[in-house]
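Report on the structure given below.
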Amino acid sequence: MTNTSLNAPSPTPVVASAAATDYALQRLNMVDSQVRPSDVTDRRVLRAMAQVTREAFVPAELKSIAYMDIPVALDRERQPRAMLEPRLFAKLVQLAEIPDGGRVLEIGCGSGYGVAVLAAMGCKAFGLEENTSLFAQAQALTASAGVVAGTTKLSNGKLALGWPSEGPFDAIIFSGSVPVVPAGLFDQLKNGGRLVAVTGNGPGSKATAWLRSGMTFSQREAFDATALPLPGFASAPTFVF
């Protein structure tokens, strides 16, 4: 596994003021019409999502749909990957109940939008991505989006292994669905930490949260949700309670 820390951010690219204003309005509309009505009340999440330039993290040809309530394709050449739709991402982050300044691992960070939002929330955000092209994008895009130096750290490695050398974490968030969660990932949670993921495939899949209490884990199915599957989890062992 290759670990890479982000250094000081490069200057934010200059864009036409009209386009910048349009995206700013779309961000506010996204928060007000998609995220808030979905019972997302964590003000840190709302502020960060109104702040981070989501359009910067999607392919150029898809910027016009960056703020729609749909997943946005990031890579079609390998296993299909997509950025979660805004309301699902926000609900998963809220479900994790991250403490102020918490250490959070996003598994399947894609092009880096999630870690940028988590950093804007005041978290120490760790992003794990095994797709080398997306990992390179995440490095470049989080820097160009003005993420504060030292608030994020990225790694190119197998998603199913997590990032044990940087644990334990206050929260682990999956940005895609998995059939089951590997047992080793629960060991990377702090006592009192939460892991959240969309589990299962198709109509019956659920956003599920696990809470660690010492060496035991309580599980709660929070709401119905669907997401593209993350790679490398098909044969993962089931966690036994």
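Kirkwood radius for the chain, taken over all pairs of different Cα atoms as the inverse mean of 1/r, rounds to 17.8 Å. DSSP finds beta bridges in the chain, and of those with both partners inside it, around 50 percent are antiparallel.
Couplings 3J(HN,Hα) of segment 197-209, computed from phi: 7, 8, 10, x, 10, x, x, x, 6, 9, 7, 10, 10 Hz, in residue order, whole Hz [Karplus 6.51 cos²θ - 1.76 cosθ + 1.60, θ = phi - 60°; x for Gly and Pro].
Projecting the Cα positions of L154, V181, G102 onto the charge dipole of the chain (unit charges on Cβ atoms of Lys, Arg, Asp and Glu, taken about the Cα centre) puts G102 furthest along the positive direction. Karplus-based coupling profile of segment 217-232, in residue order and whole Hz: 9, 9, 10, 9, 7, 8, 6, 5, 7, 10, 7, 4, x, 7, x, x, with θ = phi - 60° in 6.51 cos²θ - 1.76 cosθ + 1.60 and x standing for Gly or Pro. Derived scalar couplings between HN and Hα for segment 180-189 equal 8, 9, x, 4, x, 6, 5, 5, 8, 8 Hz in order, rounded to whole Hz, by the Karplus curve 6.51 cos²θ - 1.76 cosθ + 1.60 (θ = phi - 60°), x for Gly and Pro.
Seen from D170, the other residues with C-beta closer than 13 Å to its C-beta sum to a net charge of +1, counting Lys and Arg as +1 and Asp and Glu as -1. Taking amide H positions as modeled 1.01 Å from N, with prolines and chain starts lacking one, the residues under 5 Å from L189 and 5 or more places away or on another chain are F169. Of all the options I172, I70, I98, the one that moves most in a Gaussian network model of the chain with Cα springs shorter than 10 angstrom is I70. Taking Cα centre as origin and charging only the Cβ of basic (Lys, Arg, +1) and acidic (Asp, Glu, -1) residues, the dipole magnitude of segment 2-224 rounds to 300 debye. Computed over the chain, the per-residue total of -39500 (n - 2.57) for DSSP H runs of n ≥ 4 gives a 222 nm mean residue ellipticity of -7000 deg cm²/dmol, rounded to 500. For N131, no residue whose modelled amide H falls within less than 5 Å of its own remains once neighbours fewer than 5 places apart on the same chain are excluded.
For segment 76-164, relative contact order (Cα pairs under 8 Å, six or more residues apart, normalised by length) works out to 27 percent. For A222, the residues whose modelled amide H falls within less than 5 Å of its own, excluding neighbours fewer than 5 places apart on the same chain, are A207, T208, A209. Shape class for segment 87-173, computed from the alpha carbon gyration tensor (a ≥ b ≥ c): rounded, with a/c under 1.5.
Readers should treat all values here as calculations from the given coordinates under stated rules, not as data from a laboratory. Model, not experiment: these values are computed from the prediction. FYI the Cβ positions are ideal-geometry reconstructions off the backbone, even for glycines, and counts take in every protein chain you see.
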